[in-house]
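Readers should treat all values here as calculations from the given coordinates under stated rules, not as data from a laboratory. This one's a predicted model, so the numbers in the text were calculated from it and none came from an experiment. As a convention, Cβ positions derive from the backbone with ideal geometry for all residues, glycine included, and neighbour counts pool all protein chains shown.
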């Protein structure tokens, strides 16, 4: 299985986010940059075997699902806070 450079791998994850989830480029880039800033891709940088197109698809799904779950949690917390009695 062909491996990608670290930069090409991140580009592939970003591209897949736009293709699979119809995100605009800016949103997809932010999702990947934020994940990178939180050390999400450290193992991918260290281990070349993790930088494949198939793994990029898995990471795109994981990043999107994680973002969706965080957003839903925040919305529920805000809703609960609005309905609390003083």
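Can you give the helix-only mean residue ellipticity at 222 nm for the chain, where every DSSP H stretch with n ≥ 4 adds -39500 (n - 2.57) and the sum goes over all residues, rounded to the nearest 500 deg cm²/dmol?
Rounded to the nearest 500, it is -25000 deg cm²/dmol.
If I take R0 = 25 Å and measure r between the Cβ atoms of residue 45 and residue 68 in this structure, what FRET efficiency does the formula 1/(1 + (r/R0)^6) give, to the nearest 0.05?
0.50
Pairs of Cα atoms under 8 Å, at least six residues apart: use those to get the relative contact order of the chain, whole percent.
39
Can you give the FRET efficiency for residue 38 and residue 3, using 1/(1 + (r/R0)^6), R0 = 25 Å, r = Cβ-Cβ distance, to the nearest 0.05?
0.60
Choose one answer from 15, 71, 52: the residue with the largest mean-square fluctuation in a GNM of the chain with alpha-carbon springs under 10 Å.
71
Report the residue, chosen from 13, 42, 61, that carries the largest GNM mean-square fluctuation when the chain is represented by alpha-carbon nodes joined by springs under 10 Å.
Result for the chain, Cα springs under 10 Å: 42 fluctuates most.
Return the FRET efficiency for the residue pair residue 75, residue 19: r is the Cβ-Cβ distance, R0 is 25 Å, and the value is rounded to the nearest 0.05.
0.45
Given q = 0.13, 0.24, 0.25 Å⁻¹, what are the Debye log10 I(q)/I(0) values for the chain, with equal point scatterers placed on the Cα positions and solvent ignored?
With one equal scatterer per Cα and no solvent, log10 I(q)/I(0) is -0.47, -1.14, -1.21.
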